[in-house]
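Structure, as structure tokens:
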Amino acid sequence: MLPRNRIFGFIILAMSIILYYLPSRLFPVCGFPLPPGAEVGLLAGHACSKTLRVTQGLAGLTFILGLAALLWTRPLIAWISSLAAAGLGILVILTPLAIAPVCKMPTMSCRLGTLPALVSFGILLSAVGGAGTLLLWKRHGRATGL
């Protein structure tokens, strides 16, 4: 059986891949799936393009955190990765609302699909990161002085 730090590494890694494809393929910002690299030309100047780029950047950071928790066996690395994943989940929630807001028209697909999907996924990422932080601290924190 895998140790908890590796399990949370797998979960965070899988969530980062889903987060990367969420605004471009699963719940597209402009209502149609975008081919790789096309968001630069098709969405240039739209508010949706900023949301897409910021979300995919956060997915890259989440991927690095998941990879770190998966590759290094030290519980402290997994604990820091889980804590940072919870913080990145909050940033994912704030991205379509404040950091890089989606367009303001209420009937657009970015407002109807992408916004609720990113907020829900950000809540889920924060919950997984928080659960990982608590479980790893309860198991390893008292022994290592975390």
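Among the residues making up the range 56-111, those that are hydroxyl-bearing (S, T, Y) and over 21 Å from P28 (Cα atoms) are T73, S81, S82. Scanning the range 95-135 for residues that are of a type in the set (S, T, Y) and more than 15 Å from the chain's Cα centre (by Cα) yields T107, S109, T133.
Of all residues in the range 118-132 being of a type in the set (A, V, I, L, M, F, W, C) and buried (at least 18 other Cβ atoms within 10 Å of the Cβ), which is farthest from G66 (Cα to Cα)?
Within the range 118-132, the first condition is being of a type in the set (A, V, I, L, M, F, W, C), and the residues that meet it are 118-119, 121, 123-125, 127-128, 131.
Keeping just the survivors that are buried (at least 18 other Cβ atoms within 10 Å of the Cβ) gives 118, 121, 125, 128.
Numbers: L118: 19, F121: 16, L125: 12, V128: 12 Å.
Top of the filtered list is L118.
Scanning the range 133-143 for residues that are surrounded by 13 or more Cβ atoms within 10 Å (Cβ to Cβ) and at pLDDT below 85 yields a total of 5. The set of residues from the range 31-90 being of a type in the set (F, W, Y) and at pLDDT below 70 comprises just one member, F32. Note on the range 52-67: residues that are surrounded by 18 or more Cβ atoms within 10 Å (Cβ to Cβ) and more than 16 Å from Y21 (Cα to Cα) total 2. Against the test of being closer than 30 Å to W137 by Cβ, among the β-branched types (V, I, T) and surrounded by 15 or more Cβ atoms within 10 Å (Cβ to Cβ), the options V92, V102 yield a single qualifying residue, V92.
So which pairs qualify, if the first residue must be in the range 90-105 and within 20 Å of L61 (Cβ to Cβ), the second must be assigned to a loop (DSSP other than H, G, I, E, B) and of a type in the set (A, V, I, L, M), the Cβ gap must be under 7 Å, and the two must be at least 6 apart or on different chains? These pairs meet every condition: P96/V102.
With the condition kept exactly as written, say whether any residue in the range 101-109 is under 19 Å from Y20 (Cβ atoms), not in a helix (DSSP H, G or I) and not small (G, A, S). Step through it out loud before you land on a result.
Initial filter on the range 101-109 (under 19 Å from Y20 (Cβ atoms)): 102, 109.
With the extra rule that they be not in a helix (DSSP H, G or I), the set shrinks to 102.
Narrowing the set further to residues that are not small (G, A, S) leaves 102.
Yes, the range 101-109 contains a residue that is under 19 Å from Y20 (Cβ atoms), not in a helix (DSSP H, G or I) and not small (G, A, S).
The values are calculated or read from the model by the stated rules, or taken from the named source; none is laboratory data. A quick note: this is a predicted structure, and the numbers were derived from the prediction, not measured. Methodologically, a virtual Cβ is constructed for each residue, glycine included, from the backbone with ideal geometry; neighbour enumeration extends over all protein chains shown.
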